[in-house]
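Read the figures in this text as sums done on the coordinates, not as results from a lab. Treat the numbers as computed from the prediction; the structure is a model and nothing was measured. Positions of Cβ are backbone-derived with ideal geometry, glycine not excepted, and every protein chain shown enters the neighbour counts.
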Amino acid sequence: MNRHVCTFTLGDTLFGIDVPVIQEVLRPQTMTRVPLAPSVVRGLINLRGQIITAIDLRERLGFPSAPESVSGMNVVTRLPDETVSFIVDDVGEVLDLTTEQFEEVPPTLSGTLREVTMGVYKLKDRLLLLLNVNAAALIPAEI
């Protein structure tokens, strides 16, 4: 069975999210900061009356901050109990991927990146990490 995946990047790393869980993709939005929230929570977005938590996926995964030239995009996803926006560098295309291209998470992937990756897809010239949106939306407690 094929899987439809929307691609996005964080730096040089290519990720994908299953299309059925994506509500929409937005340009940068006005955000309201949340006092005392963990640093991965960039703020709240008011999307046509729906209040959505915006998670900085770079920070959540331990990537360095985005360069000033990267304005970012919001990938709004529907989770079982809420809607969350992941802030990513750029959104790419929707790919139709086959099960033959899929592999389990490689042992070389470690830490937070391993926790939020469901598997990898081998593309012609690079790998695509399939994001587990439920795991990525879990905000770690800060001490």
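Measuring max minus min along each principal axis, the C-alpha atoms of the stretch 25-143 give extents of 44, 34, 33 Å (largest first). DSSP beta bridges confined to the chain are antiparallel in about 85 percent of cases. This ranking places L123, L14 by how few other beta-carbon atoms lie within 10 Å of each, fewest first, which gives L123, L14.
Please report the net charge: other residues with Cβ closer than 13 Å to the Cβ of M118, K and R +1, D and E -1. The answer is -2.
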